[in-house]
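Input: a single structure, listed below in structure tokens.
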Amino acid sequence: MKYLYRFTPEIILLLYVFLFFGFKGPEKPWDRVINSDGKAYYAYLPAIFIQHDLQYKFVEDYEWVYYPHDKAAFKEFRMKAGNGVVNKTFPGMALVWTPFFLTAHFVAYLELFPLDGYSPPYQYMIALASLFFLWLGARTLMRLLVKFGSSEKNAAFIAAVITLGTNLIYYTISEGSMTHVYSFALITSFLLTTYNLTHTQKTKWFGISAFLLALIILIRPTNALVLLLVPFVTGSRQRLEETLDRLKANKSSVIKGVILFLLLMFIPFLLWKLQCGKWIVYSYGDEGFQFLKPYFFSILGSYNRGWFVYTPIAFVSVFGFIGLFRKSWFHALVLLIFLVMFTYVASSWWVWYYASKCGQRIFIDVYAVVGLLLVFLYGNFRSVIVRRTITVLLIALTALNIFQYNQHIKWIFPPYNITSEIFWDSFFSTEKTARAYIPIEAIIAERSFTNDLEKELPWMNNKSRTNLVSYSGSWSSKADTVLPYSTGMEVKADSLFTTANRLIRVTAMVLSPRERTDATLVTDFSSAGKGISYNPFYLQTFVQADKWVRVQVAFYVPGGLPKDAVAKVYFYNPAKYLPIFIDDMKVDYISLKDEAEYKKIEGVVLPAH
């Protein structure tokens, strides 16, 4: 038990396995392991080994069989170029996954699963790949930290903090087909092998470092910036010169390493040629870097996925520069330049927040730097009290991260842009809530109507009033098999608006006798008795069993409605046996500025046609 900390990576891996089976469901269309951008990275493998089709005509087939039929999770990665199409992503992940893919193909053959690249054996094998690289990254990180003066025990603690106290946990378990856990392991390994190359007599490390660097670049080309860390791990000019002298004396190691590097780097050019007839292609279309408009401070401190906001352990680690400057200004300057350059390049991407979940994902790749800074943070203090205080703080932030991971997988933090209001509304929540956030500056005019059900008002479905239960007062509206429609409003669609850009916001308290319900909140637009646009908002993920829950939803009003069009707002419950109850209903008719940025506010339901 005394040296149990030496097995920290294995303990972390075991914990991750439990978390995976507890929170991930690869058998569900919405929860496949191969998902999002991972579909693009992975597509090379079935295209080459199974379909023999580098034009990716099989995309619609696997999307229909394994993913939601409404295409809500569809990922288009095919870009027209030259005489065909290309996969917009680089092939590094496919190279990393090849042994896992081939193993899955063999298992699928033995177990009689479809040999299509997307059946359960393939999904689970990619999950295994992410867990393996998580373990590799943790194990390598511990070794790297010891090289820079950490005790084994402290290195084990920091490795646990990095793997459990950051969004690495989300991008290993929930989105294990994204690049980040792999880049984390490979970059950490590259730093360790480069250290070994420059601090030992063995030139074999050159070839290994070259191999790792090629994979790093082929997964995410901008991660070539890790070359800026070579002076850091080398330590001094003298040691670098000695390393170069050894490599000159053993040219065969250099030649082998360079050939291996060039062969790997040739792969994307060959694939482009095979796919579209061109050797060089920019496969990202209109997406690119805006180096003159970096969001440098936003990517660090914004409520919308800012790194320090959602991963405060990274912010704490920055104070490690104090100890590092005291120890070696050269090391501190090199590390600072790297972080500034990495942040600048990352923040210059056209979508600087990278549509991340669970915080800013782009920095996961270089979490080895966070680990090193934590080593120097501890090294800056001799006081046992201060060091224990740092430990308690890191443990507390790790617990916060695990709590927020649970929030993100429950979608308590919404997938769209997060403002300070949304952040603090979500911060302590344990259940997903329905709330519409309309920018105040977007509103031109607002007309509001409320109904607390305490007396009959000229609203729809007054027969639904009941005194069985209520949120406030004595009355509510009941929707059940007898009358499936709750109280609601029916008005002429354009009578309460002053602009062409319009929405209806509905707020109400809802009670369901069970946790899940098929009930919906509906805005229904019709003309002369004929439906024009029927817009349901499903309540099942927002209600809680036997508990009044506040629901707020906003719907855009369709454009081009006839003059006699009518807008109806109500709750609809198709359940045969269990009712829902509505109380304190409020309907806001909001006129917005007729500007592009307010015509598609995130979180507002777009009209169906």
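Can you give the Kirkwood hydrodynamic radius of the chain from its Cα pairs, in Å with one decimal?
Kirkwood hydrodynamic radius for the chain: 27.3 Å.
What share of Cα pairs, in percent, lie more than 26 angstrom apart in the stretch 440-598?
Counting pairs separated by more than 26 Å, the tail of P(r) holds 27 percent.
Tell me the angle of helix 204-219 to the major Cα principal axis of the chain, expressed in degrees between 0 and 90 and rounded to the nearest ten.
It is inclined by approximately 20 degrees.
Within 10 Å of each residue's Cβ, count the other Cβ atoms and sort Asp70, Asp494 from fewest upward.
On the way: Asp70 8, Asp494 17.
Least crowded to most crowded, the residues run Asp70, Asp494.
Show me, for the stretch 391-404, the HN-Hα J-couplings you get by feeding each phi into the Karplus relation (A = 6.51, B = -1.76, C = 1.60, θ = phi - 60°), rounded to Hz, glycine and proline as x.
4, 4, 4, 5, 5, 4, 5, 5, 4, 4, 5, 5, 4, 6
As a test of the definition: which semi-axes, in Å, follow for the stretch 251-395 when you take the square root of five times each eigenvalue of its alpha carbon gyration tensor? Largest first, please.
36, 23, 13
Would you mind ranking Phe338, Phe206 by Cβ crowding within 10 Å, fewest neighbours first?
Phe338, Phe206
Which whole-number value in Å³ per residue fits the convex hull of the alpha carbons of the stretch 191-332?
Dividing the Cα hull volume of the stretch 191-332 by its residues yields 161 Å³.
To the nearest 10 degrees, how steeply does helix 180-199 sit against the main Cα axis of the chain, on a 0 to 90 scale?
20 degrees
From the P(r) of the stretch 78-155, can you give the percent of Cα pairs sitting at distances over 17 Å?
64 percent
Give me the percent of Cα-Cα pairs in the stretch 456-544 that sit more than 20 Å apart, rounded to a whole number.
Result for the distance tail: 45 percent.
Return one number: the angle in degrees, 0 to 90 and rounded to the nearest 10, between the long axis of the Cα atoms of helix 8-23 and the longest principal axis of the Cα atoms of the chain.
Orientation of helix 8-23: about 20 degrees from the principal axis.
Quote the relative contact order of the chain in percent (integer), defining contacts as alpha-carbon pairs under 8 Å separated by 6+ residues. Spell out each step's value before the answer.
Working: 1073 pairs, mean separation 72.2, N = 609.
Computed value for the chain: 12 percent relative contact order.
Read-outs: derived from the displayed coordinates by stated rules, not from any lab. These numbers were taken from a predicted model, which means no experiment stands behind them. Every residue, glycine as well, gets a Cβ built from its backbone with ideal geometry; the counts of neighbours run over all protein chains shown.
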